[in-house]
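The structure appears below as structure tokens.
The values are calculated or read from the model by the stated rules, or taken from the named source; none is laboratory data. Predicted model, so just to flag it, every value in this text is computed and none were measured. Here the Cβ positions follow ideal geometry from the backbone for every residue, glycine too, while neighbour counts run over all protein chains shown. Accessible surface is based on the protein model in full, side chains and every heavy atom, while ligands, DNA and RNA are left aside. Shrake-Rupley method; radii C 1.70, N 1.55, O 1.52, S 1.80 Å.
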Amino acid sequence: MFDLSMMMAKIVVILVGTLGVVPVMVWFERRGAAWMQGRIGPNRVGPFGLMQPLADVIKFIFKETFTPRGANKFYYLMAPIIALIAPLCALAVIPFGSKAFVNGHEVILQVAQMDTGVLFILAFAGLEVYPVILAGWASRNKYTVLGALRGSSQIVSYEISMGLALLSMLVVYGSFNPHDMVSWQQGSLGFIPRWGAFVNPIGALIFWISIFAETNRLPFDLAEGESELVAGYHLEYGGMKFAAFFMAEYVAMIMASALISTLYFGGYGILPGMEFAINLISNFFAFGEVGMQNTKAVFEFISLASKIAVFMFLFVWVRWTLPRFRFDQLMDLGWKILFPIALINLVVVTIGVYYFNS
Amino acid sequence: MSSFFNDKDSQQSNDFYNPNVLINLGPSHPAMHGTLRVMCRINGETIEDAACEIGYLHRAIEKLGEDKTYHQWMVYTDRLNYCSALNNNIAYAMAVENIMNITPTERCQYIRVICMELSRIIDHIICVAINALDLGAMTVFWLLYHWREEAYTMIESMCGMRLTTTYARIGGMSYDLPDNFSERLWKFCEEFPKALDEVEGLLTSNRIWIDRTKGVGVITKEDALKFSLTGPTLRASGIDHDLRRDRPYYMYPDLDFDVVVGSNGDVYDRYLVRLEEMKQSVRILQQCNKRIPNGPLWVDDKRVHIPDKLEVYTKMEVLIHHFKIFMEGIDVPKGEAFTCVEGPNGELGFYIVSRGGPKAWRMRVKSPSFMLFQGFEASIKGGKIPDAVAHLGSVNIIAGELDR
């Protein structure tokens with residue numbers, strides 16, 4: 001019973017945390033864009049326009065539920081659901097802290113503890129291609145089909161370089177388990193932390209580029225390409241169905257940021273300087289070992305959240321700076337540049353790890 | 001799920017499963033500025049064949065020119081290329097003045113040059129900004145649009161309107177410049193080039209931008225001449241031709257500016273040509289601002305001179321004169337004239353045949369967009385859909401001018 005309630009609690013934390021951040025992210029995207037472009041941005045609804053996403057949701061809910069003629073209803077309605085659920089499922093494996101003690105029981109702060117954690121994430125990240133294909137095909141529109149073609153080939157191509165970059169990290173960590181990865185990154189390399197990104201910088205860069213393509217964000221937002229394909233694969237979606245796609249994009253961004261933080265940037269490992277704060281608080285309140293561990297768990301969560309926030313900011317920053325690729329150039333980048341580099345990087349890292357360990 | 005493959009509609013639309021799919025870009029499409037329509041036969045992303053169609057914004061403006069008096073038709077010139085309304089106003093006023101053998105006063109000519117260069121800047125801003133927007137760089141769009149608004153605010157101070165100005169009058173301008181105009185123009189000329197530098201930093205050496213624009217939508221020298229293209233598009237193809245220098249009008253011979261010429265005729269060159277032309281326009285504006293003389297705004301010609309409002313209210317003869325000009329219109333002598341100026345998009349010409357009286361017998365507009373659009377069809381074939389979008393953005397076809 002305790003395990004079950006703890007499990008439910010963790011699921012709620014992840015769900016509420018992620019879906020609650022989405023409106024804030026939407027607001028931040030708009031305000032951030034306005035800030036970069038010398039505009040003001042939404043500032044009418046609520047303080048600093050913070051209630052704007054809420055107003056948008058109300059608008060979406062009251063819009064007509066519209067299905068285009070000749071659309072395949074089942075797949076048409078399925079697509080936004082898969083789009084939203086796949087990245088949420090992948091988040092189940094991301095640890096958001098080491099462990100906490102509740103009523104004397106040890107609770108590992110991760111929804112699903114599995115040794116094949118990273119493979120599980122890859123599997124669900126791979127599912128993200130399905131809503132694109134389904135939405136494009138089932139809408140029965142030439143523009144959506146073009147968007148689906150672009151989106152699906154893009155996601156599949158970049159998954160390969162992403163997988164290779166991930167593989168090079170698995171060689172370094174020697175484990176599929178996210179907890180092991182984070183604990184491997186706890187030490188320090190001289191004055192910098194022993195993060196995956198410093199051990200394997202090329203892999204981190206390739207992975208970072210690939211997650212832009214995976215989440216369909218600019219400069220890789222060809223599947224939507226609003227000036228060419230009008231709105232791409234979700235052209236025929238309106239109201240809450242469109243909102244589901246919209247939210248899915250942000251959930252996928254959060255998932256991708258959490259993944260790159262865990263793999264390359266120390267995950268929930270506490271940021272430099274936080275050790276001091278933990279000791280200070282524990283001593284001040286005279287916490288025992290249990291209290292200290294719980295305090296540490298809170299700071300670990302803050303560390304992960306701030307790392308995710310940095311990557312979310314980068315997503316926004318890049319989006320409002322760069323123009324869009326063309327489809328064939330995107331494929332060239334994926335297959336002719338990133339793929340060979342990722343492959344060579346994997347070999348180099350493997351040799352490096354072999355010599356380092358022997 | 002079998003219904004998806006067997007439903008009755010799929011029989012009618014077998015093209016859907018054909019590798020050669022027909023797709024409509026426009027008339028209502030975010031990248032088709034205005035209401036242009038391009039029917040494309042695509043294979044994957046490649047456009048194998050294209051057919052352009054015009055006429056979705058046809059308002060019979062030329063015919064209206066034969067039905068309205070010369071002054072009444074001035075407002076219709078605003079609606080030709082609505083991005084550079086001032087330029088159209090002045091070009092039209094110039095055409096009527098040529099039939100009537102009127103030369104505007106020096107102050108009027110300087111004001112007209114300022115107006116034309118301001119509208120050139122605005123038009124180029126729109127072209128570069130929307131081209132960037134179509135290629136996904138939205139920040140460039142907003143950076144430039146801020147300066148477009150500044151320019152419009154200046155125009156508003158001149159004539160009370162922002163978009164549809166109707167500023168020119170035959171033989172003069174409707175208002176003189178406002179008092180603080182010189183300082184405002186000076187400030188604009190100081191600060192606007194900084195925004196251009198910022199845009200250049202964002203785009204000119206940006207790898208993605210270069211990939212998307214270099215070698216895309218190439219119009220060769222021969223093609224440019226064959227399709228009788230004019231303006232920045234022609235110059236980007238490497239032909240050194242600018243009416244401001246080659247067939248000078250107003251104060252242009254006295255002003256110091258360079259004609260910008262590209263070499264490859266691709267989207268990238270057109271972008272660079274437009275950026276540089278904006279800088280040259282700023283140079284012209286600065287020179288005009290220094291040299292603009294005081295003196296009369298209106299020509300001393302009873303046929304066209306619109307009297308001062310104060311005199312209209314106080315003197316009977318002037319009131320009658322004013323009444324005659326506005327109720328009957330000006331009497332243009334018999335004759336015909338084709339007058340063209342270097343508009344922002346190319347050669348903008350007005351052909352007017354007069355058989356006397358207050359209305360034109362034949363009114364014809366030679367618009368640069370029409371030529372640009374006839375060349376468009378040939379140059380997007382074989383390219384990709386995003387290339388067509390990039391190309392269209394870079395030649396700046398304005399539907400109002402195309403269809404008239």
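Select, from A:ALA79, A:ALA90, A:ALA55, the only residue that is over 27 Å from A:LYS142 (Cα atoms) and crowded, with 22+ Cβ neighbours inside 10 Å.
Step by step, each of A:ALA79, A:ALA90, A:ALA55 is checked, and only A:ALA90 is over 27 Å from A:LYS142 (Cα atoms) and crowded, with 22+ Cβ neighbours inside 10 Å.
As an exercise: evaluate A:PHE212 against (1) modelled with pLDDT of 85 or more; (2) open to solvent by 50 Å² or more (accessible area, probe 1.4 Å) and give the number of the one condition it does not meet.
(2)
Looking at the range B:27-41, which of the residues that are more than 8 Å from chain A (Cβ to nearest Cβ), in contact with a strand residue (DSSP E or B) (Cβ under 9 Å, 6 or more places away or on another chain) and touching a residue at least 60 places away in the same chain (Cβ under 8 Å) is nearest to B:ASN396 (Cα to Cα)?
So the residue we want is B:MET32.
If you scan the range B:16-60, which residues turn out to be more than 22 Å from B:PHE373 (Cβ to Cβ) and open to solvent by less than 70 Å² (accessible area, probe 1.4 Å)?
Once the filter is applied, which keeps residues that are more than 22 Å from B:PHE373 (Cβ to Cβ) and open to solvent by less than 70 Å² (accessible area, probe 1.4 Å), the range B:16-60 yields B:PHE16, B:ASN18, B:ASN20, B:VAL21, B:ASN43, B:GLY44, B:GLU45.
Can B:GLU97 be described as away from chain A (no Cβ under 14 Å) and surrounded by fewer than 22 Cβ atoms within 10 Å (Cβ to Cβ)?
The answer is no for B:GLU97.
For the range A:221-244, give me each residue that is at pLDDT 80 or above, among the hydrophobic types (A, V, I, L, M, F, W, C) and open to solvent by 10 Å² or more (accessible area, probe 1.4 Å).
Once the filter is applied, which keeps residues that are at pLDDT 80 or above, among the hydrophobic types (A, V, I, L, M, F, W, C) and open to solvent by 10 Å² or more (accessible area, probe 1.4 Å), the range A:221-244 yields A:LEU235, A:MET240, A:PHE242, A:ALA244.
Which pairs have Cβ atoms under 7 Å, sit 6 or more apart or on different chains, and link a residue in the range B:379-391 that is at negative phi and open to solvent by less than 10 Å² (accessible area, probe 1.4 Å) to one that is small (Gly, Ala, Ser) and assigned to a helix (DSSP H, G or I)?
B:ILE380/B:ALA388; B:HIS391/B:SER379
Conditions first: (1) under 20 Å from B:VAL332 (Cβ atoms); (2) surrounded by fewer than 24 Cβ atoms within 10 Å (Cβ to Cβ). B:GLU106 passes all but one, so which condition is the exception?
Evaluating B:GLU106 over (1) under 20 Å from B:VAL332 (Cβ atoms); (2) surrounded by fewer than 24 Cβ atoms within 10 Å (Cβ to Cβ) leaves (1) as the failure.
Looking for something touching a Gly at 6+ places or on another chain (Cβ under 8 Å) and open to solvent by 10 Å² or more (accessible area, probe 1.4 Å) - is there at least one such residue anywhere in the range A:272-282?
Within the range A:272-282, none of the residues are touching a Gly at 6+ places or on another chain (Cβ under 8 Å) and open to solvent by 10 Å² or more (accessible area, probe 1.4 Å).
Going through A:ASN283, A:ASN216 one at a time, which residue ends up being within 14 Å of chain B (Cβ to nearest Cβ) and among the polar types (S, T, N, Q)?
On inspection, the qualifying residue turns out to be A:ASN216.
Return the residues of the range B:147-179 that are polar (S, T, N, Q) and out of contact with any Ser or Thr (no Cβ under 8 Å at 6 or more places or on another chain); say none if nothing qualifies.
Of everything in the range B:147-179, those that are polar (S, T, N, Q) and out of contact with any Ser or Thr (no Cβ under 8 Å at 6 or more places or on another chain) turn out to be B:THR153, B:SER157, B:THR164, B:THR165.
So is B:MET116 buried (at least 24 other Cβ atoms within 10 Å of the Cβ) and more than 14 Å from every other protein chain (Cβ to nearest Cβ) or not?
The answer is yes for B:MET116.
With respect to B:TYR70, is the statement that it is open to solvent by 20 Å² or more (accessible area, probe 1.4 Å), within 23 Å of B:THR165 (Cβ to Cβ) and away from every other protein chain (no Cβ under 14 Å) true?
In short, no.
Can you tell me which residue among B:LYS214, B:LYS221, B:LYS187 is within 14 Å of chain A (Cβ to nearest Cβ) and open to solvent by 10 Å² or more (accessible area, probe 1.4 Å)?
B:LYS214
Exactly one of (1) out of contact with any strand residue (DSSP E or B) (no Cβ under 7 Å at 6 or more places or on another chain); (2) modelled with pLDDT under 85 is unmet by A:PHE2. Its number?
(1)
Can you find a residue in the range B:364-377 that is more than 30 Å from A:VAL230 (Cβ to Cβ), polar (S, T, N, Q) and open to solvent by 10 Å² or more (accessible area, probe 1.4 Å)?
No - not one qualifying residue is present in the range B:364-377.
Could you tell me whether the range B:134-141 includes any residue that is within 14 Å of chain A (Cβ to nearest Cβ), in a helix (DSSP H, G or I), without any contact (Cβ under 8 Å) to a residue 24 or more places away in the chain and among the hydrophobic types (A, V, I, L, M, F, W, C)?
Yes.
Which residue out of A:SER303, A:SER257 is polar (S, T, N, Q) and surrounded by fewer than 23 Cβ atoms within 10 Å (Cβ to Cβ)?
Within the list A:SER303, A:SER257, the selection yields A:SER303.
Exactly one condition in (1) of a type outside the set (Phe, Trp, Tyr); (2) assigned to a helix (DSSP H, G or I); (3) under 24 Å from B:HIS391 (Cβ atoms); (4) open to solvent by 60 Å² or more (accessible area, probe 1.4 Å) is false for B:LYS63; which is it?
It fails just one condition, (3).
Looking only at the range A:323-352, count how many residues are open to solvent by 50 Å² or more (accessible area, probe 1.4 Å) and either within 14 Å of chain B (Cβ to nearest Cβ) or farther than 22 Å from A:GLU228 by Cβ (or both).
Looking only at that region, the number is 11.
Do we find a residue being outside any helix (DSSP H, G or I), modelled with pLDDT under 85 and either open to solvent by less than 30 Å² (accessible area, probe 1.4 Å) or of a type in the set (Asp, Glu) (or both) anywhere in the range B:332-353?
no
Within the range B:235-319, considering only helices (runs of 4 or more DSSP H) that don't extend past its boundaries, which have at least 3 residues that are out of contact with any Phe, Trp or Tyr (no Cβ under 6 Å at 6 or more places or on another chain) and open to solvent by less than 20 Å² (accessible area, probe 1.4 Å)?
Passing ranges, in order: B:267-291.
Answer yes or no: is there a residue in the range A:22-44 that is at pLDDT 85 or above and closer than 30 Å to A:TYR173 by Cβ.
The answer is yes; a qualifying residue exists.
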